[in-house]
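S.K.: There's a structure below that I have some questions on.
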Amino acid sequence: MESFDIQRYQGTWYEIARLDHSFERGLTSVSATYTPRDDGGIAVHNRGYDPKSGRWKEVKGQAYFVEEPTKGHLKVTFFWPFYGAYNVIALDREAYSFAMVCGPSKSYLWILAREKTLPAPVLDGLISEALRLGFQTDGLIFVTQDVLPDQVRRLN
């Protein structure tokens, strides 16, 4: 992604859809919050609700640009010294209201939005683009964002 603006990308994003992987399996109400770090990197705070345990799960990490900061190509770590790819492959360039991100391979894909839902035409367009890029979109998990306060026991 060229002409990427990390200032506009910062803040909270809600997970609309993802391909399945072990570290988020079963979670709902997933969000990611990005904030600047003093060392030029980005602090990453991922959070999701586990309905089986009734608890929130969270992980904090950090991300750094692989190339210049105008490219949406970062490396992220939650367990130093191990880094994974964070590639912004689609983005609402006008309002930064939705994004599509992939990891180091086609088995990692996330559709994110600033709101807890996306209009169907926007979501359908992102899924079509992901399919065109070779992702197995039939495996997408559509994330619910509807945890109520009385369902939550405590943060792990």
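The values are calculated or read from the model by the stated rules, or taken from the named source; none is laboratory data. None of these values were measured; they are calculated from a predicted model. Note: ideal-geometry Cβ built from the backbone for every residue, glycine included; neighbour counts use all protein chains shown.
S.K.: Do you know which of the residues in the range 1-43 that are assigned to a strand (DSSP E or B) and of a type in the set (A, V, I, L, M, F, W, C) is surrounded by the fewest Cβ atoms within 10 Å (Cβ to Cβ)?
M.R.: Among those that are assigned to a strand (DSSP E or B) and of a type in the set (A, V, I, L, M, F, W, C), it is A43.
S.K.: What tally of residues in the range 112-156 results from selecting those that are at pLDDT below 95 and part of a helix (DSSP H, G or I)?
M.R.: Count: 3.
S.K.: Taking the condition more than 13 Å from the chain's Cα centre (by Cα), of a type in the set (A, V, I, L, M, F, W, C) and closer than 27 Å to R132 by Cα, does V101 pass?
M.R.: The answer is no for V101.
S.K.: Moving on. Scanning for something more than 26 Å from S3 (Cα to Cα) and out of contact with any strand residue (DSSP E or B) (no Cβ under 6 Å at 6 or more places or on another chain), does the range 59-80 turn up at least one residue?
M.R.: Looking for residues that are more than 26 Å from S3 (Cα to Cα) and out of contact with any strand residue (DSSP E or B) (no Cβ under 6 Å at 6 or more places or on another chain), one finds at least one in the range 59-80, hence yes.
S.K.: Sticking with this one: Kindly check whether there is at least one residue in the range 25-35 that is in contact (Cβ under 8 Å) with a residue 60 or more places away in the chain, farther than 24 Å from L126 by Cβ and out of contact with any Ser or Thr (no Cβ under 6 Å at 6 or more places or on another chain).
M.R.: No - not one qualifying residue is present in the range 25-35.
S.K.: Here is a check on your reading of the model: is T70 among the β-branched types (V, I, T) and at pLDDT below 95?
M.R.: Answer is yes for this residue.
S.K.: For the subset of the range 44-71 comprising residues that are surrounded by 13 or more Cβ atoms within 10 Å (Cβ to Cβ) and basic (K, R), which member is farthest from E15 (Cα to Cα)?
M.R.: This residue is K71.
S.K.: Taking into account only those residues within the range 96-105 that are modelled with pLDDT of 95 or more and either not polar (S, T, N, Q) or not in a loop (DSSP other than H, G, I, E, B) (or both), which is farthest from S3 (Cα to Cα)?
M.R.: C102
S.K.: Which of the strands (runs of 3 or more DSSP E) contained wholly in the range 54-95 include at least 2 residues that are touching a residue at least 40 places away in the same chain (Cβ under 8 Å)?
M.R.: Hits in the range 54-95: 55-65, 82-91.
S.K.: Something else now. Filtering the range 96-142 down to residues that are of a type in the set (D, E) and without any contact (Cβ under 8 Å) to a residue 12 or more places away in the chain, which residue is surrounded by the most Cβ atoms within 10 Å (Cβ to Cβ)?
M.R.: Here the residue is D124.
S.K.: Consider the range 72-86. How many of its residues are under 15 Å from the mean Cα position of the chain (by Cα), more than 19 Å from T33 (Cβ to Cβ) and surrounded by 16 or more Cβ atoms within 10 Å (Cβ to Cβ)?
M.R.: 1
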